[in-house]
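Engineer: Have a look at the structure that comes next, please.
The values are calculated or read from the model by the stated rules, or taken from the named source; none is laboratory data. Keep in mind that this is a model prediction, so the values were computed, not measured. Quick reminder, even Gly has a Cβ in these numbers, built from the backbone with ideal geometry, and neighbours come from all protein chains shown. For the accessible areas, the whole protein counts, side chains as well, though only heavy atoms, and no ligand, DNA or RNA atoms are used. Shrake-Rupley method; radii C 1.70, N 1.55, O 1.52, S 1.80 Å.
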Amino acid sequence: MNADASSEPDVASLFAPVAVEETFAGVLAEAGQVLGQLDDPVDAELWGSDLIGALASSAAGQASLTGTVTGSLVPAAEAAASPAALALLRVLAAVGAPALRTAAGQAAARLAAGAVADPPRAAQAGAPQVRDCWHYADVGGRQESLTMTFAYGERQHAVSVLIDHGRGGKIRDTWVTKGAGLRAEAEREAGRDPLVVFETIDAAGARLRLARAVSAGECPEQPDQVDDVVAHRALLRARLDLLTALG
């Protein structure tokens, strides 16, 4: 449920059931076409999260995916030593799993030190400011929508999850919305329904709720929910790590 989904490249189309190691040329070409044209760092993060989700379909689990990307894609990108390769590494360092972030960040630093040009938006990805957080739910507590907003300068975006408490608190859907005034808009919409309870929360409260939902797992049902959850999984976990680091 990404508000800007119509403009996003179809990263998944790059990957069939093919080995991750065999996809580097396509990934690098896509990075060169997309990342240098973005005007908001979160768009680079969304591209990277979608990429990791697509790669996950060809890997035997998260550990296998992280190991393969860290051991194959990161060294291949560093060896390419191009602006597109550096942009790819910056994005992986922003939204990858911890081991991947470390490896990609170190490789990116080496390329930048070697005078490879750094695409501006990709270089900024990974450390937005945390802004307003809120949640709302039906009065019966069956489902809950949790939203955390972040900003790169004046550019704001919200990361939201739909939590299904009837399914053990698992994540049913995930989406990103861009723009200002998102909290006021959500509060107005919730206020129109007497069966919905809206509440602003602090970043620590949002972190605890998100951590519980991530730990519970995922339960998308509709095809678009499946796509959303897979495409945003890496970004969601990176935002959870960001909130955790803030304490």
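Engineer: Ignoring everything but the protein chains, give the 1.4 Å probe accessible area of Glu199 in square angstrom, nearest 10.
Structural biologist: Looks like 90 Å² after rounding.
Engineer: A further question on this structure: Mind checking the full-extension length gain between Ser215 and Lys178? Use 0.36 nm per residue of separation minus the Cα-Cα distance, one decimal, nm.
Structural biologist: On the way: separation 37, 0.36 × 37 = 13.32 nm, distance 2.62 nm.
Result for the pair: 10.7 nm of gain on full extension.
Engineer: So what's the angle, to the nearest 10 degrees on a 0 to 90 scale, between helix 98-113 and the longest Cα principal axis of the chain?
Structural biologist: Rounded to the nearest ten degrees, it is 50.
Engineer: How far is helix 182-191 tilted off the main Cα axis of the chain, in degrees rounded to 10, range 0 to 90?
Structural biologist: Once rounded, the angle reads 30 degrees.
Engineer: Please name whichever of Gly169, Gln222, Gly191 sits farthest to the positive end of the charge dipole of segment 138-226, dipole taken about the Cα centre and charges placed at Cβ: Lys and Arg +1, Asp and Glu -1.
Structural biologist: Value computed over the given set: Gly169.
Engineer: Post the alpha-carbon centroid distance, segment 132-146 to segment 65-107, in whole angstrom.
Structural biologist: Here the two parts' Cα centres lie 36 Å apart.
Engineer: Another question, then. Check which residues have an amide H placed less than 5 Å from Gly169's amide H, if you skip close sequence neighbours.
Structural biologist: Asp164
Engineer: Please list Val197, Val42 in order of solvent-accessible area, largest first, computed with a 1.4 Å probe with all protein chains present.
Structural biologist: From most accessible down to least: Val197, Val42.
Engineer: Go ahead and estimate [θ] at 222 nm for the chain from helices alone: -39,500 (n - 2.57) per DSSP H run with n ≥ 4, summed, over the residue count, rounded to 500.
Structural biologist: Numbers: 10 runs with 123 residues, N = 247.
Computed ellipticity for the chain at 222 nm equals -15500 deg cm²/dmol.
Engineer: For the chain, set up a Gaussian network in which alpha carbons nearer than 10 Å are linked by springs, and say which option among Asp173, Asp40, Asp193 fluctuates the most.
Structural biologist: Taking springs between Cα atoms under 10 Å, the residue moving most is Asp193.
Engineer: Shifting gears a bit: Please report how far the C-alpha centroid of segment 186-247 lies from that of segment 161-180, rounded to the nearest whole angstrom.
Structural biologist: If you average the Cα positions of each part, the centres end up 5 Å apart.
Engineer: Hey, any idea what % of the chain's accessible area is carbon plus sulfur with a 1.4 Å probe? Could you put the intermediate results ahead of the total?
Structural biologist: Numbers: 5760 of 11030 Å².
Reported share for carbon and sulfur atoms: 52 percent.
Engineer: State in Å² the accessible area per residue of segment 85-174; use a 1.4 Å probe, count heavy atoms of protein chains only, and round to the nearest integer.
Structural biologist: Counting only protein heavy atoms, the per-residue value for segment 85-174 is 38 Å².
Engineer: Tell me the accessible surface of Glu218 in square angstrom (1.4 angstrom probe, heavy atoms of protein chains only), to the nearest ten.
Structural biologist: Answer for Glu218: close to 70 Å² accessible.
Engineer: A further question on this structure: Scan around Arg155 for amide H atoms under 5 Å from its own, H built in the peptide plane at 1.01 Å from N, and keep only partners 5 or more places away or cross-chain.
Structural biologist: So Arg155 has HN proximity to no qualifying residue.
Engineer: Still on this structure: How large is ³J(HN,Hα), in whole Hz, for each residue of segment 211-219 in order, when computed from phi with the Karplus curve 6.51 cos²θ - 1.76 cosθ + 1.60 and θ = phi - 60°, using x for Gly and Pro?
Structural biologist: Each residue of segment 211-219 in turn: 4, 5, 5, 4, 5, 5, x, 10, 9 Hz.
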